[in-house]
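The structure appears right after this line, and notes come after that.
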Amino acid sequence: QFRPAVKPGQPLSAFDRKNKQGWWKLKCVNNSPGDKGYVQGWDIKIVPRLYTRTLNLTALIQGFYNSSSNKMVKDTARVYLKSVNAPYINLDSASAVLDTAGRGNFPFLNISNGVPFFITLKHRNSIETWSSAGYIFSSDTLYYDFTLAASQAYGANQIKIDSTPVKFAVYNGDADKNGLVN
């Protein structure tokens with residue numbers, strides 16, 4: 001039996017926390033001339049949305065930041081939440097775009113409130129950078145800003161990239177991901 005994957009034309013998040021009872025309509029459009037088809041039947045399954053916690057992170061990438069404009073070139077980064085105990089296993093991960101101010105909202109589905117973790121930032125050609133301490137979600141949202149001081153990163157492993165305003169960034173240049181700036 002053929003069951004096509006259907007991608008919604010617009011985000012279904014508009015229906016979050018809405019009553020699912022009522023009439024649902026399906027609109028089918030055949031954009032291929034010369035053939036005919038019919039819908040034999042359809043159904044929709046409403047799956048409860050997983051509980052999301054969001055890390056509102058600010059981080060700048062050296063080489064992507066322009067101190068004249070105080071803006072960064074937007075780029076995607078990934079954050080891993082790692083256990084605070086060796087062997088520092090990954091508890092969860094998420095990716096998001098860091099905007100021109102270095103801000104990104106990283107949604108996590110698998111971390112619970114009260115579970116301690118290090119924030120580990122990875123970017124495609126930067127040194128992996130860890131938060132200086134462990135953190136927990138005590139509510140749905142956590143804020144962390146790597147740009148405030150070199151000491152926001154473990155081992156103060158950041159570079160000062162601007163004096164007015166004072167800003168710090170993760171080191172870039174690790175294109176082969178060996179932990180060294182190439």
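The values are calculated or read from the model by the stated rules, or taken from the named source; none is laboratory data. Since the structure is predicted, the reported quantities are computational estimates derived from the model, not experimental observations. Every residue, glycine among them, receives a Cβ derived from its backbone with ideal geometry; neighbour counts consider all protein chains shown. Only protein heavy atoms, including side chains, enter the accessible area calculation; ligands, DNA and RNA are left aside. Shrake-Rupley method; radii C 1.70, N 1.55, O 1.52, S 1.80 Å.
Amide H contacts for I161 (H built 1.01 Å from N in the peptide plane; partners 5 or more residues away or on another chain; cut-off under 5 Å): K167, F168, A169. Once the 1.4 Å probe is applied to the protein heavy atoms, the chain comes out at 69 Å² accessible per residue. Taking the square roots of five times each eigenvalue of the Cα gyration tensor of segment 99-144, the equivalent ellipsoid has semi-axes of 20, 14, 10 Å, listed largest first.
Counting protein heavy atoms only, segment 17-128 has 49 percent of its accessible area on carbon and sulfur, 1.4 angstrom probe. Scanning residues 5 or more positions from D174 or on other chains, those with amide H under 5 Å from its amide H are S126, I127, N182, with H placed 1.01 Å from N in the peptide plane. Residues of segment 67-100 falling in the label zone of T164, defined by backbone nitrogen less than 17 Å from a point 7 Å along Cα to beta-carbon, are 67-71. Compactness of the chain was expressed as the Cα radius of gyration divided by 2.2 N^0.38 Å, which yields 1.37.
Pairs of Lys residues in segment 37-182 that lie 8 or more places apart, or on two chains, and have C-alpha atoms under 27 angstrom apart add up to 18. 3J(HN,Hα) couplings calculated from phi for segment 95-112 with the Karplus curve 6.51 cos²θ - 1.76 cosθ + 1.60 (θ = phi - 60°) are, in sequence order, 10, 7, 8, 7, 7, 5, 9, x, 8, x, 9, 9, x, 10, 9, 10, 9, 9 Hz; Gly and Pro show x.
What does the C-alpha gyration tensor say about the overall shape of segment 112-167? Classify as rounded when a/c is under 1.5, otherwise prolate if a/b is larger than b/c, or oblate. Prolate shape, in that a/c is at least 1.5 and a/b is the bigger ratio.
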